[in-house]
1. Being within 17 Å of M441 (Cα to Cα) and surrounded by fewer than 23 Cβ atoms within 10 Å (Cβ to Cβ) narrows it down to one residue among E99, E38; which is it?
2. Just checking, does region 3-19 include any residue being out of contact with any strand residue (DSSP E or B) (no Cβ under 7 Å at 6 or more places or on another chain) and at pLDDT below 95?
3. Residue by residue through region 253-267, note down the ones that are assigned to a loop (DSSP other than H, G, I, E, B), out of contact with any His (no Cβ under 8 Å at 6 or more places or on another chain) and at pLDDT 95 or above.
4. Looking at K356, K396, K346, which is the one that is assigned by TED's automatic domain parsing to the domain that holds C180 and free of Cβ contacts under 8 Å to residues at least 24 places away in the same chain?
5. Among the strands (runs of 3 or more DSSP E) confined wholly to region 67-151, which include 3 or more residues that are of a type in the set (A, V, I, L, M, F, W, C)?
6. Consider A205 carefully, then state whether it is at pLDDT 95 or above and touching a strand residue (DSSP E or B) at 6+ places or on another chain (Cβ under 9 Å).
7. Tell me, which residue of region 57-77 that is β-branched (V, I, T) and within 20 Å of H237 (Cα to Cα) is surrounded by the most Cβ atoms within 10 Å (Cβ to Cβ)?
8. Considering only region 415-439, state which residues are over 22 Å from L6 (Cα atoms) and buried (at least 16 other Cβ atoms within 10 Å of the Cβ).
Amino acid sequence: MDAALLVKGGNLVIPEVGVMEGSIAIDGGKIVGIYQKEHLPRGKQEIDATGLYIFPGVIQPHAHLGRGDTMADLTTETRSATIGGVTTCLIYHRGLDFEDSLKKATLLSHIDFSFHLQIMDEEQLNKIPHYVNAVGITSFKFNMGYKGEEAKDKDLKELNDGLMYEGFKKIATFPGAIACIHAENSEIIAYQTAKLRGSVDDLAAWSASRPDYAEAEAINRALFFSELTGCPLYIVHMTTALGLKVINEYRKKGKTKVYIETCPQYLTHHEGSPSGRKGKFIPPLRKREDNDALWKGINKGEIDTIGIDQVMRQVEEEEISIWQRKTSPREAVTALPLLITEGFIKRGLPLRDIAKLTALNPAMIFGLYPRKGTIMVGSDADLVLVDLHKEKTVTKELLQSQSNFSLYEGWKLKGWPLITISRGRIIMENHVPLGEPGWGMFLSRQIPK
């Protein structure tokens, strides 16, 4: 029997197994067979993958897309993401208009998607059972980092510890559900910002206003509530050696599960990097020692995922005050080539571990496995064919994002996707997106029965 698509003769990077030669038969959007050299079926369409490495489609677990009434960035930025091998993204949503956003997203996204919902008040807290049972949303965000004017500027309601604790209690009643935590102590930030703003105006001052102990303290507080309630945690965009130390000490107790996400910029840049004001992020860039600690954490398996904190943004190019400037845009295209270049080539990080960071682990943490995150019979045929020797310079034209710059412009990276396949369909080839808005499906994540 012919397969609809045969990916023939590549090196399969299977996160649970390792790297092996093989071919993949695809039909009905699913992987229907994995073969070595013998007994290959024919494919109605065939791709010669000789010399290429076939990864599971990248799952981007941290996106801020679908903003504004038209949600146009959901189209432009998921299209762009396919160039980097992304086939699934998880989008943070706040507010009570979720159902409207979901309807729009199904018409706009180039890739499969789901949501994390932000909890900011009692009304949202009380709707958690509805979102879990009726919609299939199993991850909920608590933002510890904003109060006062900063919260108002971002149109956020201030989170208090009482609401967060009650949220953890409710989430813990649903096996497989998880709380996502932006861990920064807002009172420390307010104090340091008031002390520094007006007298110092550079990237180092921005970093000093949100110090490493503000992150570590907030992590510690969230872990304490997690232990009391039994609610598992996912710490988003963790940046510091001190935060990693707090989590590793907690993990030794063998209590509730806690997972760590970091982002590319916290691995490749620090407050002394020559990025200038383009290096403004929340949380901020740290010190070189923190970069090193995060890479060590990745090599030891202590860090679980690479998030992008993806956002499309037009940021003023002129050198306005660091305190007034928006944070810089983050694109999804460069994540996999960065991990191959900085991780595999420079630091010997195994390709299997890259597949875990970018696919298997986020799929397992957020209830998408084994449909997503791996290469096995029965899984969705989400695949990325990568040329480990392909070197390209990052340019705005390559990224095809609507953001006006990237932190990585000018960087030479090796290990670029040549083909991205979503549910058996080629949606990117040779850095050219081929998909269309509305191809992406909403992924309902069901809790275990």
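1. E99
2. no
3. Going through region 253-267, the residues assigned to a loop (DSSP other than H, G, I, E, B) turn out to be 253-257, 263-264.
The next check asks that each one be out of contact with any His (no Cβ under 8 Å at 6 or more places or on another chain); those that pass are 253-257, 264.
The answer is K257, P264.
4. From the options K356, K396, K346, the qualifying one is K346.
5. 86-93, 112-118
6. No, not satisfied.
7. So in region 57-77, the residues β-branched (V, I, T) come out as 58-59, 70, 75-76.
Applying the additional criterion that residues be within 20 Å of H237 (Cα to Cα) yields 58-59.
Details: V58: 32, I59: 30.
Applying the filter and picking the extreme gives V58.
8. G415, P437
The values are calculated or read from the model by the stated rules, or taken from the named source; none is laboratory data. Values in this document were obtained by computation on a predicted structure and should not be read as measured data. Counting neighbours? That spans all protein chains shown, and the Cβs are built from the backbone with ideal geometry, glycine included.
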